[in-house]
Amino acid sequence: MAMALRLAVKGMGMTSPNPMVGAVLVKGGKVIAQGFHERAGSPHAEALALERAGKKAEGASLFVSLEPCCHLNKRTPPCTGAVIRSGVKEVITAMLDPNPAVCGKGIEQIKKAGIDVRTGVLEDKARRLNEAYVKYITTGMPFVTLKAAMTLDGKIATSSGESKWITGPEARKLVHRMRSGADAILTAVGTVMADDPELTARIEGGKNKKSKENKNKNPVRVVIDPELRSPFGSRIFRTPPRTIVVTRKALPPELASAGVEALNYDGRLSFKWVLKRLGAMGMTSVMIEGGASLNAHAFEEGIIDKAVFFYAPKIIGGVKSLPAIGGHGVLKLADAWRLGNLSIKRAGEDFFVTGYVL
């Protein structure tokens with residue numbers, strides 16, 4: 001199962017709105033075939049592994065990181081049929097598929113065919129791997145990760161606004177991999193005006209190289225810009241693939257002709273409204289990369305599922321330098337936003353803390 005999970009990771013960023021899934025066929029104590037879901041619309045992991053095994057699959061054990069699907073509302077055939085026809089003697093899964101169209105039904109079909117089934121093997125790791133899919137398929141809302149890079153004293157920019165580069169190259173490479181795994185990057189007009197970012201996943205040997213391995217992809221950029229103050233020549237508008245502006249204004253011809261899209265709203269903007277719209281577009285994961293104000297609003301509205309804070313061994317100081325989280329903050333420690341399931345890792349000379357909002 002650990003091998004199946006490692007295989008599943010190879011599909012990161014490419015399978016949405018489907019989950020990442022890996023499958024391994026074992027017979028006589030040896031791996032005879034394996035596969036992973038490479039991209040949405042391509043064969044599922046177990047179907048691919050069974051096809052590669054051919055007749056050798058008979059009497060084998062199939063390890064798959066997610067319950068085989070059994071419904072017809074998708075671009076590929078149900079996997080339960082292929083599993084039953086293959087002649088495998090047992091199926092071991094990490095977790096049930098939370099999709100209401102599947103959840104337990106795939107397992108039940110396989111059991112009725114006389115195949116032994118076990119589930120729950122490395123389930124926690126499987127759920128963590130597909131945390132975005134689990135939230136999206138059960139709520140229709142994308143999973144939200146907030147990322148910020150700061151000094152040890154919690155500053156994201158000097159009092160003059162300088163922020164490039166707080167963290168080192170290893171941390172920045174990791175951020176690009178995080179972007180590649182997200183469906184959308186959410187930022188705001190202040191960041192566009194201050195930094196003129198591209199917000200693309202620039203990974204060496206990645207998305208533009210032809211190979212049999214999965215390729216990294218660029219996320220959709222979503223810019224909160226109520227009054228449309230972002231300069232029309234900004235790189236976020238001139239760099240592929242796709243940019244959506246959340247605004248009260250009508251999109252000018254200069255941006256519309258460049259392929260920029262608009263999400264128009266009236267009154268006070270709700271981040272939850274934005275997320276619902278993105279979810280309706282099939283986006284399962286959103287990564288927030290903004291400034292102090294955007295970060296504060298995201299925490300205040302309660303839309304964050306996970307936070308990743310990168311820390312550089314530097315001190316900026318100064319009451320006018322920018323903190324990672326702006327706004328008014330909380331008045332009582334009891335009201336502080338709390339994170340759980342923490343992990344701390346190194347990235348070159350920097351380190352990063354990952355936690356889930358409780």
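So the values come out like this:
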read-out: Out of Val117, Val121, sole residue that is part of a strand (DSSP E or B) and more than 24 Å from Asp350 (Cα to Cα); value: Val117
read-out: Exclusive hit being hydrophobic (A, V, I, L, M, F, W, C), more than 11 Å from Met150 (Cβ to Cβ) and either modelled with pLDDT of 95 or more or in contact with a helix residue (DSSP H, G or I) (Cβ under 8 Å, 6 or more places away or on another chain) (or both), set Leu331, Leu322, Leu358; value: Leu358
read-out: Output for region 220-250, where each listed residue is of a type in the set (D, E, K, R) and either part of a strand (DSSP E or B) or open to solvent by 20 Å² or more (accessible area, probe 1.4 Å) (or both); value: Arg221, Glu227, Arg229, Arg235, Arg238, Arg242, Arg248, Lys249
read-out: Residue check, Gly54 surrounded by fewer than 15 Cβ atoms within 10 Å (Cβ to Cβ), at positive phi and assigned to a helix (DSSP H, G or I); value: yes
read-out: Selection status of Asp183, charged (D, E, K, R) and either closer than 16 Å to Met14 by Cα or open to solvent by less than 70 Å² (accessible area, probe 1.4 Å) (or both); value: yes
read-out: Hey, Lys173 open to solvent by 80 Å² or more (accessible area, probe 1.4 Å) and modelled with pLDDT under 95 or not; value: yes
read-out: When residues of region 302-350 are limited to those that are among the aromatic types (Phe, Trp, Tyr) and open to solvent by less than 80 Å² (accessible area, probe 1.4 Å), the one farthest from Pro142 (Cα to Cα); value: Tyr311
read-out: Test: residue in region 129-140 that is at pLDDT 95 or above, outside any helix (DSSP H, G or I) and open to solvent by less than 50 Å² (accessible area, probe 1.4 Å); value: yes
read-out: Qualifying positions in region 35-51 - touching a strand residue (DSSP E or B) at 6+ places or on another chain (Cβ under 6 Å) and either of a type in the set (D, E, K, R) or surrounded by fewer than 20 Cβ atoms within 10 Å (Cβ to Cβ) (or both); value: Glu46
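Here is a yes/no grid of residues against (1) free of Cβ contacts under 8 Å to residues at least 40 places away in the same chain; (2) assigned to a loop (DSSP other than H, G, I, E, B); (3) among the polar types (S, T, N, Q):
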position	(1), (2), (3)
Ser16	no, yes, yes
Val26	yes, no, no
Ser42	yes, yes, yes
Leu66	no, yes, no
Val88	no, yes, no
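The values are calculated or read from the model by the stated rules, or taken from the named source; none is laboratory data. Because the structure is a prediction, the values reported are computed rather than measured. Every residue, glycine as well, gets a Cβ built from its backbone with ideal geometry; the counts of neighbours run over all protein chains shown. Remember, those area values only see protein heavy atoms, side chains included, never the ligands or the DNA or RNA. Shrake-Rupley method; radii C 1.70, N 1.55, O 1.52, S 1.80 Å.
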